[in-house]
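First, the structure itself, so that you have it in front of you.
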Amino acid sequence: MSDTKIEGQPGYAPGTHVSGRDIRDKKIPYTWWEVEAQYAYSLGPANARFLKELKEGKIIGRTCKKCDRVLVPPRMFCEWCYSPTNEWVYLKDTGTVETFSISYLDPDANRIEEPILVGVVSIDGASPKHGFMHYFGEMKPEELHIGMRVKAVWKPEEERTGSVRDIKYFKPLKDGGDE
Amino acid sequence: MNKVAVIGGGMTLFRRHLNETGKELSFLASKMALEEAGIQNSDIDMVVMGSAPCAFDGIHMKGENLLDGTGAKNKPYVRVFNGGGTGVFAPIAGWWHVASGVADVAMVVCEEKMGSCYPHPQTAFQTIWDPILDRPLTPNLVWLFAMEMNRYMTRHNIKKEDIAQVAVKNKRNAVGHPCAQLPDENITVEDVLNSEIMAWPVNLLDISPPSDGASALILCSEEKAKEFTDDPVFVDGVGWNIDSTMWTNRDLYFPDYVANAAKMAYKMAGIKDPRKEIDFAEPYDPFTYKELHHMEGLLLCDKGEAPVLTREGVTERDGDLPICPSGGLLGVGNPIAATMGQKVCELYWQLAGKAGKRQIPGDPQVGVGQAWGDIMQMGTVIVLRRG
């Protein structure tokens, strides 16, 4: 507690600091509780088709004729014009790195040795800046850059489950152009 | 609309773990605000609670749990919540209680106990990601910031050294703040650049810490304010705006939704040229680059210009446009909603000339505070002016 009155506001700082170590070592009393919860998320028609096509090794989007827009990931309505989207359209499995990170953190903020290369790929055939988050592979971290041309590396057909992980990662597209 | 005055603020110590419960922290912050305003709990007509995800404290419907700590038992009470935007949105909600004439005096209390969540508050963020498109990739929230920072840096060709300067400034500014968690008067740009890489381009010292803490603010009508002070501070404008969660379908280099919120607030405040009319700002700085990104979103400089102003010292406490004189989230700490203490209470204390060691020289008249949150989509803005 540092409640010594000082000049100006806030004039004191109420509260009692305790260290994380003292909590872990049970030097001060705490009540612990663990949550156990499981969820089954509905896919909805747009995600269901998207994942079904990924299982077939294809990336599919939806068009919005009003906005002259190709949406990926696909949605059944367009959040720009607030109208239903119109048609399914197959896209290429190539694209451009819009941004990326080289992560040394796992989901619980634990440190990991081998960094995860992750970023956003805008997909060829979709509207500009339209894509999704995924991993990168078959490249050194220092090779990864914004604007890099990349291509999906798919899991073998028998291992695909209808998941974004049916794409293993995106690798460099060597000639840089469209296939 | 009625004119709304600010007459008191309060905040607790900010630390990774505090021994007090959320209710007790709410009580401590509220008491300080009541003391400063010179009023009693019985003078408060209505209370707004701001608190971010229930998953941090681990108490579902935590607004109801925290109620007793705010003194709002048997009063009109509501919790508002829009993630990181809450610290400025909660006082906006307090403002409309008074501006509408529904309340004469309203108290806003913000609370967060991130330290309750194990193994790390990051764990609670796992379920912010889209369960179908994103979560199979086992993301960490820092990825979002890293990807946005990279896009911003690359688009404007900004060096990491210039971004690191923000951590140096804010952690040094925080030295004068009694609640500060990570003040550091000796920190250098090299310290930031050499700190552990979390998710490139984000290093450890680019990130504000998770914290426990609470803050409080008392708002009242102009008539009421005359009973308490001859030198009031007024809320002149408020704005809020949100973009889609489909963040992989837009360019992250500029926060349009922050600019939209700022324009809404400036219009209400009658501010036509924010660069000339605003004396200082408290943009949301959970990460170093976010301060710069938000200065641009708040239309305080050109796109890509914020790092240049920072390098030239313009944003120091004694510069032409002081930014985060409180020490910000980087220096004082980041108990999400409770950062109202830096983003709004600080505006009040600076404008009332009560900021002590942190006081900006030159008698500032207008300050803007801003918060940001969700999946890089929420902007909340408030303008305070000395009456």
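The values are calculated or read from the model by the stated rules, or taken from the named source; none is laboratory data. Bear in mind the structure is a predicted one, so any value in this text is a computation, not a measurement. Methodologically, a virtual Cβ is constructed for each residue, glycine included, from the backbone with ideal geometry; neighbour enumeration extends over all protein chains shown.
Going through segment A:64-77 one residue at a time, which ones are more than 20 Å from residue A:121 (Cα to Cα) and either touching an Asp or Glu at 6+ places or on another chain (Cβ under 9 Å) or within 11 Å of another protein chain (Cβ to nearest Cβ) (or both)?
A:65
Out of the residues in segment B:28-46 that are more than 9 Å from every other protein chain (Cβ to nearest Cβ) and touching a Gly at 6+ places or on another chain (Cβ under 7 Å), state the one that is nearest to residue B:214 (Cα to Cα).
The extreme case among them is B:30.
Looking at B:366, B:314, B:344, can you tell me which residue is β-branched (Val, Ile, Thr) and within 14 Å of another protein chain (Cβ to nearest Cβ)?
B:344
Any idea which residue in segment B:143-160 is farthest from the other protein chains (Cβ to nearest Cβ), counting only those that are of a type in the set (D, E, K, R) and more than 25 Å from residue A:71 (Cα to Cα)? So that I can check it myself, show each step before the final result.
If we filter segment B:143-160 for residues that are of a type in the set (D, E, K, R), which is where we start, we get B:148, B:151, B:155, B:159-160.
Cutting the leftovers down to more than 25 Å from residue A:71 (Cα to Cα) gives us B:159-160.
Numbers: B:159: 15, B:160: 13 Å.
Taking the candidates together, the pick is B:159.
Quickly run through segment A:122-149 and pick out the residues that are more than 7 Å from chain B (Cβ to nearest Cβ), touching a residue at least 40 places away in the same chain (Cβ under 8 Å), surrounded by fewer than 18 Cβ atoms within 10 Å (Cβ to Cβ) and under 22 Å from residue B:203 (Cβ atoms).
Listed by number, the list holds a single entry, A:145.
Are there any pairs with C-beta distances below 6 angstrom linking a residue in segment A:69-80 that is within 13 Å of residue A:48 (Cα to Cα) to a residue that is surrounded by fewer than 15 Cβ atoms within 10 Å (Cβ to Cβ), with the two at least 6 apart or on different chains, and if so which?
Every condition considered, the pairs that remain are A:76/A:45.
A quick yes/no check of all residues on (1) at pLDDT 95 or above; (2) among the hydroxyl-bearing types (Ser, Thr, Tyr); (3) in contact with a helix residue (DSSP H, G or I) (Cβ under 6 Å, 6 or more places away or on another chain):
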site	(1), (2), (3)
B:131	yes, no, no
B:134	yes, no, no
B:146	yes, no, no
B:155	yes, no, no
B:164	yes, no, yes
B:177	yes, no, yes
B:188	yes, yes, no
B:191	yes, no, no
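Check segment B:85-92 and report whether any residue there is over 18 Å from residue B:53 (Cα atoms), in contact (Cβ under 8 Å) with a residue 12 or more places away in the chain and buried (at least 19 other Cβ atoms within 10 Å of the Cβ). Before the answer, list the steps.
Of the residues in segment B:85-92, the ones over 18 Å from residue B:53 (Cα atoms) are B:92.
After this cut, where a residue has to be in contact (Cβ under 8 Å) with a residue 12 or more places away in the chain as well, the list is B:92.
Subsequent filtering for residues that are buried (at least 19 other Cβ atoms within 10 Å of the Cβ) retains B:92.
Yes, there is a match, as at least one residue in segment B:85-92 is over 18 Å from residue B:53 (Cα atoms), in contact (Cβ under 8 Å) with a residue 12 or more places away in the chain and buried (at least 19 other Cβ atoms within 10 Å of the Cβ).
Scanning segment A:83-121 for residues that are closer than 20 Å to residue B:138 by Cα and polar (S, T, N, Q), which turns out surrounded by the most Cβ atoms within 10 Å (Cβ to Cβ)?
Applying the filter and picking the extreme gives A:101.
Among the residues of segment B:82-124, write down those that are within 14 Å of chain A (Cβ to nearest Cβ), assigned to a helix (DSSP H, G or I) and not hydroxyl-bearing (Ser, Thr, Tyr).
Once the filter is applied, which keeps residues that are within 14 Å of chain A (Cβ to nearest Cβ), assigned to a helix (DSSP H, G or I) and not hydroxyl-bearing (Ser, Thr, Tyr), segment B:82-124 yields B:114, B:115, B:121, B:122, B:124.
Okay, moving on. So the check is Cβ under 7 Å with 6+ separation or different chains; which pairs have a first residue in segment B:240-264 that's over 12 Å from residue B:376 (Cα atoms) and a second one that's hydroxyl-bearing (Ser, Thr, Tyr)?
Hits for this filter: B:240/B:380; B:261/B:380.
Step by step: first the residues of segment B:1-17, then only those that are more than 21 Å from residue B:81 (Cβ to Cβ), of a type in the set (A, V, I, L, M, F, W, C) and in contact with a strand residue (DSSP E or B) (Cβ under 7 Å, 6 or more places away or on another chain), then the one that is farthest from the other protein chains (Cβ to nearest Cβ). Which residue is that?
Taking the candidates together, the pick is B:4.
Considering only residues of segment B:289-309 that are within 15 Å of the chain's Cα centre (by Cα) and aliphatic (A, V, I, L, M), which is nearest to residue B:199 (Cα to Cα)?
B:292
Working only within segment A:91-108, note down all residues that are of a type in the set (Val, Ile, Thr) and within 18 Å of residue A:130 (Cα to Cα).
Matches in segment A:91-108: A:94, A:96, A:97, A:99.
Right, residue A:57: surrounded by fewer than 20 Cβ atoms within 10 Å (Cβ to Cβ) and either more than 23 Å from the chain's Cα centre (by Cα) or in contact (Cβ under 8 Å) with a residue 60 or more places away in the chain (or both) or not?
yes
Here's a follow-up. Looking at B:380, B:339 in this structure, which one is assigned to a helix (DSSP H, G or I) and either out of contact with any helix residue (DSSP H, G or I) (no Cβ under 6 Å at 6 or more places or on another chain) or closer than 28 Å to residue A:14 by Cβ (or both)?
B:339
Please go through (1) crowded, with 20+ Cβ neighbours inside 10 Å; (2) part of a helix (DSSP H, G or I) for residue A:75 and return the number of the only condition it doesn't satisfy.
Against the list (1) crowded, with 20+ Cβ neighbours inside 10 Å; (2) part of a helix (DSSP H, G or I), residue A:75 comes up short only on (2).
So residue B:227 fits all but one of (1) in a helix (DSSP H, G or I); (2) modelled with pLDDT of 95 or more; (3) closer than 23 Å to residue B:346 by Cα; (4) among the charged types (D, E, K, R); what number is the exception?
It fails just one condition, (2).
Within the bounds of segment B:282-298, is there any residue that is acidic (Asp, Glu) and either surrounded by fewer than 22 Cβ atoms within 10 Å (Cβ to Cβ) or within 14 Å of chain A (Cβ to nearest Cβ) (or both)?
Looking through segment B:282-298, none of the residues is acidic (Asp, Glu) and either surrounded by fewer than 22 Cβ atoms within 10 Å (Cβ to Cβ) or within 14 Å of chain A (Cβ to nearest Cβ) (or both).
Also, I was wondering about something else. For residue A:6, are the conditions met, namely being facing chain B (nearest Cβ under 7 Å), surrounded by 12 or more Cβ atoms within 10 Å (Cβ to Cβ) and either modelled with pLDDT of 90 or more or closer than 30 Å to residue B:28 by Cβ (or both)?
yes
A further question follows. Residue B:56 fails exactly one of the following numbered conditions: (1) away from chain A (no Cβ under 12 Å); (2) surrounded by fewer than 18 Cβ atoms within 10 Å (Cβ to Cβ); (3) within 30 Å of residue A:27 (Cα to Cα); (4) at pLDDT below 95. What is the number of that condition?
Failing condition for residue B:56: (2).
Follow-up. For the condition closer than 12 Å to residue B:287 by Cβ and in contact (Cβ under 8 Å) with a residue 40 or more places away in the chain, what is the one hit in B:167, B:124?
After ruling out the rest, the residue left standing is B:167.
Additional query: Quick check on my filter: what residues within segment B:28-62 are touching a residue at least 40 places away in the same chain (Cβ under 8 Å) and among the hydroxyl-bearing types (Ser, Thr, Tyr)?
Within segment B:28-62, B:30, B:51 qualify.
Working only within segment B:161-196, note down all residues that are within 14 Å of another protein chain (Cβ to nearest Cβ) and crowded, with 19+ Cβ neighbours inside 10 Å.
B:173, B:174, B:176, B:177, B:178, B:179, B:180, B:181, B:182, B:183
On to the next question. Does any residue in segment B:130-142 that is more than 7 Å from chain A (Cβ to nearest Cβ) come within less than 7 Å, Cβ to Cβ, of a residue that is crowded, with 19+ Cβ neighbours inside 10 Å and not basic (Lys, Arg) six or more places away or on a different chain, and which pairs are these?
Between residues of segment B:130-142 that are more than 7 Å from chain A (Cβ to nearest Cβ) and residues that are crowded, with 19+ Cβ neighbours inside 10 Å and not basic (Lys, Arg), the close pairs are B:135/B:129; B:141/B:122; B:141/B:125.
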